[in-house]
Amino acid sequence: MITLPAQPFETTLDPGRTALVVIDMQRDFVEAGGFGASLGNDVTRLHGAIAPIAALLAAWRARGWLVLHTRECHQPDLSDCPPSKRERGDPALRIGDAGPMGRLLIAGEAGADIIPALAPVAGEWLIDKPGKGMFWNTCLQDGQREGLHARLQDAGISHLVFTGVTTEVCVQTSMREANDRGYHCVIVEDATDSYFPEFKRATLEMLTAQGAIVGWSVHSTALLAALPPCAAC
Ligand code: C5J
């Protein structure tokens, strides 16, 4: 087992049974002209997470461990986007409207892609999700819902390391869903970001409060230092 100097107290990861989860590092959230910007957000606030995520991806890839990327996006006909989601608030552009990177949050459009710096490589899982959480309505197989949990179980995954954006929305929702399904969850403090720094701080505190009620947090440098050496490192 790998021991981590985490918050609120030391924890462990099981090497080979631990997947790295990269939530929604999409152009639509991170770049100008996307969905995040259409809501009036300063997208540069998400840029600090990119380098730590890239370092974690390199470490996982060097060890041949499983990596999952998620994308929040919808079908072109919006059949999986409830009106209650699309019509909310007063954004400059809504989900499905045409923007500089194509239709906002629509699968297949340039804005829905993962940013080039963190692009998935062969063998990594790419999960499209219509909601905030990575388990709900994703990886449908043979008409079954909630297929991601079964796929992770089949792959022998028991521990999940969370990164990505935004901390208090899709990252937190996914980590809570995972915790409820029995995964040992760790969030990487500098590999996640929010448009609202105070929300990020509060989310890290609430996830780890009450004796790690949802899970643990760790800095990427401490996590990387704790990983076992590998031939390709
Ligand atoms: C949001 C996300 N904030 N990926 N999505 O709408 O956190």
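(1) part of a loop (DSSP other than H, G, I, E, B); (2) of a type in the set (A, V, I, L, M); (3) within 15 Å of the ligand (Cβ to nearest atom): which one isn't true of ILE127, the others all being true?
Here ILE127 meets the rest and fails (1).
Have a look at HIS74, HIS69 and point out the one that is surrounded by 18 or more Cβ atoms within 10 Å (Cβ to Cβ), under 16 Å from the mean Cα position of the chain (by Cα) and either farther than 15 Å from SER194 by Cα or of a type in the set (A, V, I, L, M) (or both).
Of HIS74, HIS69, the one residue that is surrounded by 18 or more Cβ atoms within 10 Å (Cβ to Cβ), under 16 Å from the mean Cα position of the chain (by Cα) and either farther than 15 Å from SER194 by Cα or of a type in the set (A, V, I, L, M) (or both) is HIS69.
Which one of the conditions (1) in contact with a Gly (Cβ under 6 Å, 6 or more places away or on another chain); (2) modelled with pLDDT of 95 or more does GLY133 fail to meet, given that it meets all the rest?
All conditions are met except number (1).
For the stretch 17-51, how many residues meet the condition of being among the hydroxyl-bearing types (Ser, Thr, Tyr) and assigned to a strand (DSSP E or B)?
1
Among the numbered conditions (1) in a loop (DSSP other than H, G, I, E, B); (2) within 23 Å of LEU152 (Cα to Cα), tell me where ALA92 comes up short.
The number of the failed condition is (2).
Kindly establish whether VAL171 is within 16 Å of the ligand (Cβ to nearest atom), β-branched (Val, Ile, Thr), buried (at least 18 other Cβ atoms within 10 Å of the Cβ) and at pLDDT 95 or above.
Criteria met by VAL171.
Only one residue in ALA202, ALA212, ALA226 is within 16 Å of the ligand (Cβ to nearest atom) and of a type in the set (A, V, I, L, M, F, W, C), so which one is that?
None of the other options fit; the residue is ALA202.
For the stretch 1-55, give me each residue that is away from the ligand (no atom under 13 Å from the Cβ) and basic (Lys, Arg).
Matches in the stretch 1-55: ARG17 only.
Mind checking which residues of the stretch 18-49 are over 30 Å from ARG103 (Cα atoms) and touching a His at 6+ places or on another chain (Cβ under 6 Å)?
Across the stretch 18-49, the qualifying residue is only THR18.
Taking only the stretch 179-214 into account, find how many residues are of a type outside the set (A, V, I, L, M, F, W, C) and not in a helix (DSSP H, G or I).
Final tally of qualifying residues: 10.
The values are calculated or read from the model by the stated rules, or taken from the named source; none is laboratory data. Here the structure is a predicted model, which is why all the values come from computation and not from measurement. Positions of Cβ are generated from backbone atoms using ideal geometry, with glycine treated the same way; all protein chains shown enter the neighbour counts.
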